[in-house]
Amino acid sequence: MSEKIENKPRALNDIGYWVNFEKAGVIYYSLGSKTVDRYIKVSEKQVEPIMEVVKLLDGNNTLDYIEEYLKSEKNLIVDVKKLFNLLKSVGFIEGFKSDRINGEVSIVGLELISISFPDTTKSIKKIAKVLLIAWKLIFLVSVVALILGIFTRYHSFLEIRRSIFTVGDSHVIGLFWLTGFFFLTSLFHELSHWCVAVNYGIRPDKLKITLYSGILPIIYVKINGLYTLNRKERIKVMSAGMLTNALIFIISITVVLWIDFPKNVSDVIIKIALANGYMVVTNLMPFSITDGYFIFTWLFGVNNLRINLIKSLKEKSKNKSYKLNKISIIYLTISLGLFVFAICSTIIWSYNIINEILIFIPFSFGKYTLVIIIGILLLFIVGNILFKIKKYINE
């Protein structure tokens, strides 16, 4: 059967192309299919010959005929067999499933839960528009209230800084509250992507919970057809989660500034702000599949930034010249600074948590023993993540 298909293959009937980004005067397209939700990057010059081949892959023509036809009738020199193998490998040919794993999370993650969204795109679209209008109004009011609160209630703002990591006087209880809010924060983050995607007429497919690298839990929405949107719309979809986190952060801080809650209640609300603040910072990182990473690549036309960064470091170690552009260096520097800040604050918090736990542990166990155990666990986690990322790059 497969031999017959390969003699006169047929391409999927919904293959199209959409502008991805423009760089140095060259337009790059995402060529793909909504059916399989896969896309490949092609340059402006490659679009015409590829689409000519796709048009002729209708189940009536052999590869040799297509190559000869393009050469004689269209004056196009195309290695049709090579292109066919590429299209087949990504699942664009009927009768063949892709032999590639789609996306970093699928390669290095362990899927725990997958919930399909009902096809309610049309009925929900009006609701999504209302929610987006309400979001803009709330954001504007909250920002104004926060700025006024910082200037008029400065002492309350200082109290917030002192209670960042604790609830009451306990760092451990603070951690428990933060962990719970991280889960809720992630849900709001992903549902924001869903809301904006629906507003632009594309259907989010599934809500998934995955253990990234088998360790770190990740909640994310799989959105089919994202690359069929124009660049501005894609950026709005991807930035929706971070903007919602920023909004919740602003509202939480504003509420604590203006309302005199009991200290424990204020401390818990501050953990809501902290969870959302961490979400914004981590989503700017270029070292994983974050929203900020994709937004940056679309804005500045920098493809495969992380892989290029690793190549740059490797070539530098070999005294070869592989350079990142200035914009990439600025982005990496800023995001690395934010990452270091987040890590340092986490280390300080962890130190205080360890000291608090040691009160309940027999002295014979020893502080250093606990520190060594935690250190080994952290090394294992980081090492495992790096190994999985290397596996993804090799894919």
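The values are calculated or read from the model by the stated rules, or taken from the named source; none is laboratory data. The model shown is predicted, which means the values in this text are computed figures rather than measured ones. Every residue, glycine among them, receives a Cβ derived from its backbone with ideal geometry; neighbour counts consider all protein chains shown. Accessible surface areas use protein heavy atoms only, side chains included; no ligands, DNA or RNA. Shrake-Rupley method; radii C 1.70, N 1.55, O 1.52, S 1.80 Å.
Past 31 Å, Cα to Cα, is the threshold; run Lys206/Lys326; Lys41/Lys74; Lys81/Lys232 against it and keep the listed order.
Pairs exceeding 31 Å: Lys206/Lys326; Lys81/Lys232.
Run the simple label-point estimate for Leu184 and Ile330 please: 7 Å along Cα→C-beta, distance reported in nm.
3.8 nm
For Asn264 and Ile357, what does the FRET efficiency come to when R0 = 25 Å and r is the distance between their Cβ atoms, rounded to the nearest 0.05?
Rounded to the nearest 0.05, the efficiency is 0.75.
Would you mind working out the accessible area per residue for the range 170-232, using a 1.4 Å probe, and quoting it in Å²? Provide the component values of the computation, followed by the final result.
Working: 2730 Å² over 63 residues.
Per-residue value: 43 Å².
Around Arg10, which amide H atoms from residues at least 5 apart in sequence, or from another chain, sit under 5 Å from its own amide H, with H modelled in the peptide plane?
Gly59, Glu94
Filter the cross-link list Lys88/Lys208; Lys125/Lys208; Lys55/Lys126; Lys208/Lys263 down to pairs whose alpha-carbon distance in this structure exceeds 32 Å.
On the way: Lys88/Lys208 27 Å; Lys125/Lys208 22 Å; Lys55/Lys126 37 Å; Lys208/Lys263 36 Å.
Beyond 32 Å: Lys55/Lys126; Lys208/Lys263.
Say R0 is 51 Å: what FRET efficiency, to the nearest 0.05, do Leu148 and Ser72 get from their beta-carbon distance?
0.10
Using a ≥ b ≥ c from the Cα gyration tensor of the range 157-219 (square roots of the eigenvalues), is it rounded, prolate or oblate, where a/c under 1.5 gives rounded and otherwise the larger of a/b and b/c decides, a/b for prolate?
Since a/c reaches 1.5 but b/c is at least a/b, the shape of the range 157-219 is classed as oblate.
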